[in-house]
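What follows is a short report on a single structure.
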Amino acid sequence: MSWVECALFLATLVGLAYPLGSYLVRVCERRRTFLDPLLRPLESALYRLLGVHPEQEMSAGTYAACFLSFGFGCAALLFLVLMLQRALPGGPADAYLSTAMTADLAANTAVSFTTTTTWQAYAGESTLRYASQLIGLVAQNFLAAAGGLAVGFAFIRGLARTRSATLGNFWVDLVRSLLFVLLPLALIGSLALIWQGVPLNMSPYVVAHTLEGRTQVIAQGPVAALEFIKNLGTNGGGFFNANGAHPYANPTPLTNFIGMLAICMLPAALTITLGQMTQRLRAGWLLLAVMVVMFVAGLALCDRAERAPPPQLADLHLVGGNMEGKEVRFGIGESTLTTIVTSNTSTGSFNAMQDSYQPLGVLAPLTFLLLGEVVFGGLGTGVYSIVMMAVVAAFLGALMIGRSPEYLGKKVTAGETRWVALYVLASPMVVLTLTAIAVLSSGGRAAVSLNPGARGFTEILFAYASCMANNGLALGGLDANNVFFNTSTIVAMLAGRYGLAALAIIAAGRFAAQGRVAVSAGTLAVDSPTFGALLLGTIVLAGALSFLPALAMGPIAEFLQR
Amino acid sequence: MPLAVIANGALTRLFIACLAVASGSTRADDESRGGAPAPTPGVIREVQLKKQLRTAVLSVLVLSLLGGAVFPLVLFTIAAPLFPVQASGSLLLQRGTVVGSTLIGQEFTGMEWFHPRPSAAGSGYDGTASGGTNLAPSNPKLAEGAPGFAGIRALATEYRQNNGLAPDAPIPIDAVTRSGSGLDPDISPENALLQVTRIARARGLEASILRRLVAQHVMRPQFGFLGEPRVPVLELNLALERLQHPETRAAHPAR
């Protein structure tokens with residue numbers, strides 16, 4: 001059953017890639033779209049209100065600076081909303097808000113939601129006011145996603161333009177991403193979720209009197225406003241603690257399918273946007289093909305690990321896969337599919353508890369986190385994640401056959417290589433350093449209070465990998481709401497968002513300044529299956545060189561121990 | 001907000017200074033390479049920095065309102081008349097009181113009821129404390145338990161005893177594992193059928209009637225391929241109640 005669903009999912013994704021990718025080209029290049037009659041007046045009004053001159057273009061440096069200042073502004077606003085939330089009107093009643101909103105938790109959450117990480121060190125239903133969920137979190141789900149898509153557009157322009165000193169206007173990209181992509185899709189998608197049962201109300205928590213004479217308090221809220229945009233914007237942080245496993249957040253297998261499609265469709269389509277705008281459509285399709293191959297490989301590993309009951313329960317005569325931490329309506333198939341989708345896409349909106357997965361079931365998502373979200377990836381950010389690796393692959397390929405390295409008609413010289421190399425090295429440097437510090441310090445070790453041994457180490461590695469990848473997926477056994485983790489994960493989230501984006505924008509600025517090298521017989525074909533294999537090999541090799549020792553101490557050791 | 005503005009400005013200036021250094025250091029490569037146009041000196045040329053900061057602050061505020069207030073309001077305006085039951089939480093009313101939600105699992109421990117899965121939400125099916133155990137299979141606590149926490153071995157023994165099964169009878173794994181939300185409203189059809197004999201004895205009913213009742217409540221995968229077959233426990237138990245007390249008014253959705 002689940003293979004049918006998986007095949008249909010991938011077919012839908014690939015089928016949507018071309019039409020959506022073409023539409024994104026129109027959004028990016030400010031061409032006419034079918035939404036113009038409705039949205040153009042609003043767009044112009046916003047430009048006037050914000051003081052934006054849409055014809056003005058920005059250099060790479062200005063673009064990056066605007067992206068950064070917008071991100072910090074959002075974080076500051078969210079921090080204030082969270083710190084002052086007790087003064088906000090509306091539900092839920094104070095009695096249910098048992099987790100204190102400390103300054104470190106508010107700072108962590110503010111950075112987390114403005115970097116699309118949405119790492120959550122708190123449980124929504126016992127921490128947040130409805131008003132903070134809406135004006136705080138829902139708003140940042142839109143804005144952080146739009147910011148990411150804007151940077152993705154700028155990066156693509158860098159490869160598409162020749163002899164240009166500019167990459168576009170950040171504010172225009174931001175507003176257009178919001179108006180022409182995120183808001184319309186979110187409206188349709190959220191309505192579909194409500195139809196399937198996701199609540200949207202501001203009611204107090206409901207007290208039910210059960211058939212057996214007990215009382216059950218059921219948390220309510222404007223859940224549907226968050227649950228679709230969290231996926232579409234590759235944010236992932238849920239309304240409730242159990243995120244996508246909660247039956248209010250994800251009531252049916254259909255809502256789960258819609259959510260997964262929402263996560264992947266725009267990042268997958270951006271490969272086609274890249275292909276169209278650089279007039280190398282086949283190269284775009286090749287990137288998508290490499291993503292699909294890696295996706296299927298990871299899913300096969302994860303799904304196989306979860307299909308059998310854990311060996312520790314072998315003598316109990318249990319029938320079925322590893323259902324600890326999984327929902328009956330999703331079973332094993334939709335749980336593992338969702339794990340692989342969310343671990344790949346900066347999203348992290350789980351529908352099953354990854355910490356109760358078997359070692360190899362954890363290895364698959366952890367590997368994708370460490371590889372830096374190259375499969376589909378975050379909205380907008382995914383396109384530079386894969387292109388940076390493709391540049392490295394083109395560089396290696398050119399060295400092997402003795403040509404001068406180029407990718408999509410852009411020369412890869414010493415100058416570009418420097419930024420690309422920094423980009424590739426940033427993730428191992430940050431993740432491994434922070435993991436080492438946490439493991440060596442008492443503050444870090446104290447958080448590993450539930451699962452001992454190799455799994456405890458994996459929890460720490462997973463946390464930093466997730467934050468660096470701006471993903472937010474967590475092994476929930478880690479006790480993350482403390483000053484040590486609230487502050488150290490901020491470092492990883494900022495580095496993963498602004499550090500990597502800055503490097504990508506700088507590289508894009510350099511590519512934009514170049515001319516375009518004509519394709520000749522001597523050019524390394526970057527749209528051939530051979531290049532696909534080379535790219536795949538480069539990603540795996542770079543990942544293995546950086547992270548294999550850490551993985552050996554975590555999930556691999558746990559797998560071998562049993 | 002002044003704090004945010006100051007922080008915003010300071011950080012942006014710092015960042016731009018870094019960028020200026022970074023791009024300055026690479027300019028030499030461009031010229032030595034030849035062919036590429038020499039970029040005009042200075043990073044900020046087209047648009048002025050100060051105006052950008054004003055735009056940044058304004059856009060944070062205006063666009064936050066657009067996403068965080070206008071969007072939910074529009075959504076609510078459309079959804080409230082279209083899907084009133086779903087929007088208010090799919091609650092079930094009986095004799096004017098809420099008995100639960102079709103989507104949220106709840107505790108049943110009496111021998112005359114279908115039992116849900118074990119739950120890690122609060123002290124069990126706490127609708128304000130969703131979550132799983134987060135216990136790894138390699139953690140001995142999951143199988144063997146700990147003081148105040150029943151392990152899977154103990155849960156399996158209890159399930160077999162309750163339902164009159166042999167000590168080595170195979171049982172569906174969902175019956176002894178805790179869900180991710182702790183609020184799983186469903187059990188597998190196999191799990192429901194294994195409980196039929198016990199409930200039939202406790203209620204003095206024919207087992208075949210109960211099996212038919214279970215079969216009527218099995219939800220097939222959506223469109224035939226999405227998800228797994230499942231039985232919603234609360235709705236099944238409500239139907240069970242009505243089977244013996246037909247005079248009870250059926251629970252109905254709350255609008």
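The values are calculated or read from the model by the stated rules, or taken from the named source; none is laboratory data. On a predicted model such as this, the values are computed, not experimentally measured, just so you know. Don't worry about glycine lacking a Cβ; one is built from the backbone with ideal geometry, like all the others, and counts go over all protein chains shown. Accessible surface is based on the protein model in full, side chains and every heavy atom, while ligands, DNA and RNA are left aside. Shrake-Rupley method; radii C 1.70, N 1.55, O 1.52, S 1.80 Å.
Points to keep in mind about this one:
- Shape annotation for the range A:440-562: C-alpha extents along the principal axes are 60, 34, 21 Å, from largest to smallest.
- Subtracting the Cα-Cα distance of A:D479 and A:A544 from 0.36 nm times their residue separation leaves 20.6 nm of extension gain.
- From the Kirkwood radius over Cα pairs of the range A:118-242, Stokes-Einstein at 10 °C and 1.306 mPa s returns a whole-number translational diffusion coefficient of 96 µm²/s.
- Based on alpha-carbon atoms, the Kirkwood radius and the radius of gyration of the range B:141-206 give Rg/Rh equal to 1.00.
- Cβ-based charge dipole, the protein assembly as shown, positive-most Cα from A:P89, B:P167, B:S88: A:P89
- Solvent-accessible surface of the protein assembly as shown, taken per residue with a 1.4 Å probe and all protein chains present: 34 Å².
- At q = 0.24, 0.28 Å⁻¹, base-10 log of I(q)/I(0) for the range A:269-333 (Debye sum, equal scatterers on each alpha carbon): -0.95, -1.09
- Debye-sum result for the range A:281-561 in log10 I(q)/I(0), which assumes one identical scatterer on each alpha carbon, at q = 0.08, 0.11 Å⁻¹: -0.36, -0.65
- Across every direction, the projection of the convex hull enclosing the Cα atoms of chain A has a mean area of 25.9 nm².
- Assigned charges on the beta-carbon of Lys, Arg, Asp, Glu; chain A dipole about Cα centre (debye): 1540
- Kirkwood Rh (inverse of mean 1/r, distinct Cα pairs), the range A:38-190, angstrom: 17.0
- Cross-link reach is defined here as a Cα-Cα straight distance under 23 Å, omitting same-chain residues fewer than 8 places apart; for A:K411 none of the lysines meet it.
- With distances taken between every two different alpha-carbon atoms, the range B:88-253 has a Kirkwood hydrodynamic radius of 16.8 Å.
- Amide H to amide H, with H built 1.01 Å from N, A:G472 comes under 5 Å of A:C467, counting only residues 5 or more places away or on other chains.
- Entry note: the range A:23-277 has Rg to Rh equal to 1.01, where both radii use alpha-carbon atoms and Rh is the Kirkwood radius.
- Efficiency of FRET from Cβ geometry, B:A202 and A:R307, R₀ 35 Å, rounded to 0.05: 0.50
- Solvent-accessible area, 1.4 Å probe, carbon plus sulfur percent, for chain A: 69
- Computed FRET value (nearest 0.05) for A:L38 with A:L10, which takes r as the C-beta separation and R₀ as 30 Å: 0.40
- Averaging Cα coordinates gives a centre for the range B:101-119 and one for the range A:312-333; these two points are 19 Å apart.
- Counted over all Cα-Cα pairs of the range A:339-405, pairs farther apart than 21 Å make up 39 percent.
- Cut-off under 5 Å, modelled amide H: who pairs with B:I187 long-range: B:V231, B:V233
- Inter-centroid distance (Cα atoms) of the range B:217-255 relative to the range A:201-232, Å: 19
- Put simply, the amide H of B:G100, placed in the peptide plane, has neighbours under 5 Å in A:H209, B:L92, leaving out anything fewer than 5 places away on its chain.
- Net charge over other residues, Cβ less than 13 angstrom from the Cβ of B:M111 (K, R count +1; D, E count -1): 0
- Of all accessible heavy-atom area on the range B:88-253, the percent that carbon and sulfur account for (1.4 Å): 54
- The 3J(HN,Hα) values that the Karplus relation (6.51, -1.76, 1.60; θ = phi - 60°) gives for the range A:280-285 are, in residue order, 10, 4, 4, 5, x, 4 Hz. Gly and Pro appear as x.
- Computed from the alpha carbon atoms alone, the convex hull of the range B:163-255 holds 140 Å³ per residue.
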